[in-house]
Amino acid sequence: MTGDDRLRDLLDELRGYPGGISEAGDPAGSLVVPLRVRHRGAELTFLSTTTMFGTPLDVTVAELAIESFFPADATRAATLRSSVSSD
């Protein structure tokens, strides 16, 4: 992303290690990295957000972080709704 030759060489070296990420599956340039879960034969895709309270006035929330997961699209949201209503 920066065009730095040393970083590119390092990335190429790391990709050569077992388990290295291929170019097609490299999320480094992605804005969003989805969480994918299989449930009852369907793939559910979620986007997550994390909210952190950095300078609270109350010490009880000093390191509070809330992570929320949202369906990535309308189809996944409908799948979740039907799954919850059938349980």
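Worth a mention:
- Boolean, F70 is surrounded by 10 or more Cβ atoms within 10 Å (Cβ to Cβ), at pLDDT below 80 and of a type in the set (F, W, Y): no
- Members of the stretch 32-43 that are in a strand (DSSP E or B), modelled with pLDDT of 80 or more and not β-branched (V, I, T): L35, R36, R38, E43
- Total residues in the stretch 5-31, condition surrounded by 10 or more Cβ atoms within 10 Å (Cβ to Cβ), at pLDDT 55 or above and assigned to a loop (DSSP other than H, G, I, E, B): 2
- Number of the exception - P56 against (1) surrounded by 10 or more Cβ atoms within 10 Å (Cβ to Cβ); (2) modelled with pLDDT of 75 or more: (2)
- Within the stretch 78-87, the residues that satisfy the criterion of being in a helix (DSSP H, G or I) and modelled with pLDDT under 85 are T79, L80, R81, S82, S83, V84, S85, S86.
The values are calculated or read from the model by the stated rules, or taken from the named source; none is laboratory data. The model shown is predicted, which means the values in this text are computed figures rather than measured ones. Note that each Cβ is placed from the backbone with ideal geometry, even for glycine, and that neighbours are counted across all protein chains shown.
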